[in-house]
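Heads up, the thing below is written out as structure tokens.
The values are calculated or read from the model by the stated rules, or taken from the named source; none is laboratory data. Predicted model, so just to flag it, every value in this text is computed and none were measured. Neighbour counts run over all protein chains shown; Cβ positions are idealised from the backbone, glycine included.
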Amino acid sequence: MPVFSHRTELDHPVEEVFDWHTRPGALQRLTPPWEELRVREQEGGIEVGGRVVLGLKKGPAELKWEVAHTEFRENELFVDEQRSGPFARWRHEHRFEALGEGRSAVEDVVDWAPPMGSLGRTFSEGFIQRTLERLFAFRARRLKNDLELHRRYRGTGPLQVAVTGSTGMIGSSLVHFLRSGGHRVVRISRSRRKGDDWAHWDPAAGTIDAQALEGVDAVVHLAGEPIAGIRWTAAKKEAILRSREEGTALLSRTLAELTQPPRTLISASGVDYYGDRGDEPLNEGAEPGTGFLAEVCRRWEKATHPARAVGIRTVHLRTGLVLSPSGGVLGTILLPFKLGLGGRLGSGRQYMSWIDLDDHVGLILHVMGTPELRGAVNSTAPNPVPNASFTNTLGRVLGRMTILPAPALAIEALLGQMGRELLLQGQRVLPEKALTSGYAFLFEDLEDSLRHQVGRIEE
């Protein structure tokens, strides 16, 4: 029967590595973003008796996969075994080894059997083996990166962080990243949920649970009406602007009035602040541009004034295209590119200022731990690329042709102003403040980032 193994050596002591695996959020951080795999239920930790139910979506159906933790030896081993799910058998040993001089190794050993007996072995064994290779290559790099990021900012101590937009692509990733690093997170949500880790707010009604925010160290504000997806009607544009301006103003006023306000407010903004600027290099000191999204970003940033006025260190994170197959631009275009239907947009000369999702959450932690940073901070990788280059790189990573361009006239006819500002205009944005303040990017190269995020890592 098949047995798969993967070994990762780390420049961290075994106690630190094992402890990371015990924390909330660790499982989600190790879940590949290209798979539609979600944690549906989780009881207990990795000790014996812990239980996890995963939902694996395949087409319109979702498969239920339940595993239970059956063995546990601190700093040495934990084991999970399938109770029900897609495999005939699944037993995963997580082995930990101290290598001396502050180094360690993690070895994953999976004893598995495909469904349907010999028929399953004939038709699916090779596919499952390749899938496991992709999965554990991703997990190894994500684990190394997360441990390194948390080591850099260990001196800040465990933080209490409140997050709006915590169920979105960026927000959920940030929450799991912070929790697995030992920080406490309060999720600010419009849905009413019980527990100390949730706070309710309703920006439209102007209400927020201020008591839940007393004493937090930092607030990360990511919430806002989605920009992409449909043509911008007058009502949609109003919703985009109001959700950012009014929500930010409500949050800023509330923080300013707290008895124990946070030291730091990190409020999202966008590189669209700079407007359509061709190939002009843009750092944080560049003048604002023109257009609807540029105006939204200006008013979004201005709405933090109440927090700034009382001395809360405020950072406007001007964010580029955040790369993850679980959402955003990459999540939207991935399927057509896999089908060989991808191509440049318009002329292909417009710049795309991108950032890997792992670097985006890492930069948020960097901002929290770097008191001298305030005002605008560009959250983009150091090497923005034209759209044609982005297209060719994604096609190469996926092994697909990219010969079907989308003409500018067709994009504007179909999507109107949204298509023009989001897809045909661009900015060549550089992360000057991040670099000069000492942030070391995990992914400076676009192809490296794409291979990591879609599971095409070359080892």
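Only one of the listed residues (Gly328, Gly275, Gly270) is assigned by TED's automatic domain parsing to the domain that holds Arg349 and more than 24 Å from the chain's Cα centre (by Cα). That residue is Gly275.
Looking across segment 57-73, the residues that are under 27 Å from Phe96 (Cβ atoms) and surrounded by 13 or more Cβ atoms within 10 Å (Cβ to Cβ) come down to Trp65, Glu66, Val67, Ala68, His69, Thr70, Glu71, Phe72. Summed over segment 433-452, residues that are buried (at least 19 other Cβ atoms within 10 Å of the Cβ) and more than 13 Å from Asp359 (Cα to Cα) total 2.
Of all positions in segment 107-123, none carries a residue that is part of a loop (DSSP other than H, G, I, E, B), at pLDDT 90 or above and more than 22 Å from Gly25 (Cβ to Cβ).
Any residue that is free of Cβ contacts under 8 Å to residues at least 24 places away in the same chain and surrounded by 17 or more Cβ atoms within 10 Å (Cβ to Cβ) - is there at least one of those in segment 365-385?
no
Within segment 36-88, the set of residues being in contact (Cβ under 8 Å) with a residue 40 or more places away in the chain and in a strand (DSSP E or B) comprises Phe78 only.
Exactly one residue out of Asp272, Asp196, Asp217, Asp276 is touching a helix residue (DSSP H, G or I) at 6+ places or on another chain (Cβ under 9 Å) and free of Cβ contacts under 8 Å to residues at least 24 places away in the same chain, and it is Asp196. When each of Ala205, Ala223 is tested for being outside any strand (DSSP E or B), surrounded by fewer than 14 Cβ atoms within 10 Å (Cβ to Cβ) and assigned by TED's automatic domain parsing to the domain that holds Leu317, the lone residue that passes is Ala205.
Can you tell me which of Ser189, Ser124 is surrounded by 13 or more Cβ atoms within 10 Å (Cβ to Cβ) and within 27 Å of Arg313 (Cα to Cα)?
That would be Ser189, the only listed residue that is surrounded by 13 or more Cβ atoms within 10 Å (Cβ to Cβ) and within 27 Å of Arg313 (Cα to Cα).
Out of curiosity, is Ala228 in a loop (DSSP other than H, G, I, E, B), of a type outside the set (S, T, N, Q) and within 23 Å of the chain's Cα centre (by Cα)? Answer is yes for this residue.
Scanning segment 177-202 for residues that are outside any loop (DSSP other than H, G, I, E, B), of a type in the set (D, E, K, R) and either more than 22 Å from Ala26 (Cα to Cα) or modelled with pLDDT under 95 (or both) yields a single hit, Asp202.
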